[in-house]
Protein chains: 2
Amino acid sequence: MLTRGKLATQTGCNIETIRYYETIGLLPAPARTASGYRDYSDEHLRRLNFIQRARSLGFSSEQTQGLLDLTEAEGNKTRADVKSLTEAHIDEISQKIKDLQKIKKRLRQISSFCDGSEKSASTCPILESLFDDN
Amino acid sequence: MLTRGKLATQTGCNIETIRYYETIGLLPAPARTASGYRDYSDEHLRRLNFIQRARSLGFSSEQTQGLLDLTEAEGNKTRADVKSLTEAHIDEISQKIKDLQKIKKRLRQISSFCDGSEKSASTCPILESLFDDN
DNA sequence: CTAAACCCTGTATCTGATACAGGGTAAAGC
DNA sequence: GCTTTACCCTGTATCAGATACAGGGTTTAG
């Protein structure tokens, strides 16, 4: 019996957010016990984990739904449709990875510059470069 | 003269959002013309670009502010402080990159499976794996 | 010198997410 | 069994982040 509370604990998701995802259709409505308690399946657990990851990576609910829809591809979509949709997502994700790597690179520079010294950080000249485009 | 509208156009940011970022302190208040128009600097432009990138990568306003603060390190922070803060951010970013790469890998599998065929996508068995953890 | 295009402020609205209130259910401790 | 505590239910309020709109001034193109 996987109740809403247990699902929340296992995924780290806020318990109210689970209900919210159900109302907006992101997480399918689970089975109910005789007394009306929600009873989730392992499928729900996996799906919610994915949703949380996607949201934390900056995908909107709608985009997340789009990614999930790839797994459910209704009969009216051809493989070619799914393929082009998928590749659009791949491009988007590649861009996110690039951006994150840029930021990471800058932060690494900051970190190594600040090595050891106890002097004020305000004298660190590399910090300014965080804004740059490459 | 870099007005709010021009800044919006150049960054792709919604014009109202710019004002919002000013009210929450994420984007510093710019200079004003005699008639009260905002006049932004290149610094604002760079900063807003960074903010947008950070937000699209799933960092909250607060986290984004934290990243920006690294560039402004007030005198009361030692280099050691900045260093540890920076490394925490690096870890977080590394995790985001890993997650994105997982999703990308799955999508690549989907894409290559769906190659060419005009059959219904619903028969694609790989899609299911999108939820898995590795 | 007028009209369109743009800026200002304040406030309302929307989405995504959480919190809370009022009431029923389950289960641990007597 | 019975009570107490922890949990679930629904509906609604709140909050953050962002966006839209209304009413009015400014700039600029014709």
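The values are calculated or read from the model by the stated rules, or taken from the named source; none is laboratory data. Predicted, not measured: the structure shown is a model, and the values here were computed from it. Neighbour counts run over all protein chains shown; Cβ positions are idealised from the backbone, glycine included.
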From B:Gly58, B:Gly5, grab the single residue that is assigned to a loop (DSSP other than H, G, I, E, B) and within 16 Å of DNA strand D (Cβ to nearest atom). B:Gly58
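Yes or no, residue by residue, for (1) in a helix (DSSP H, G or I); (2) modelled with pLDDT of 75 or more:
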| position | (1), (2) |
| --- | --- |
| B:Ala80 | yes, no |
| B:Glu87 | yes, yes |
| B:Ile93 | yes, yes |
| B:Asp99 | yes, yes |
| B:Ile103 | yes, yes |
| B:Arg108 | yes, yes |
| B:Ser112 | yes, yes |
| B:Asp115 | no, no |
Tell me whether region B:65-72 contains one or more residues that are within 16 Å of DNA strand C (Cβ to nearest atom), surrounded by 18 or more Cβ atoms within 10 Å (Cβ to Cβ) and either basic (Lys, Arg) or at the interface with chain A (Cβ under 7 Å from one of its Cβ atoms) (or both). no
How many of the residues in region A:32-45 are surrounded by 12 or more Cβ atoms within 10 Å (Cβ to Cβ) and out of contact with any Leu (no Cβ under 9 Å at 6 or more places or on another chain)? 2
Among the residues of region A:23-47, count how many are in a helix (DSSP H, G or I) and more than 10 Å from DNA strand C (Cβ to nearest atom). 6
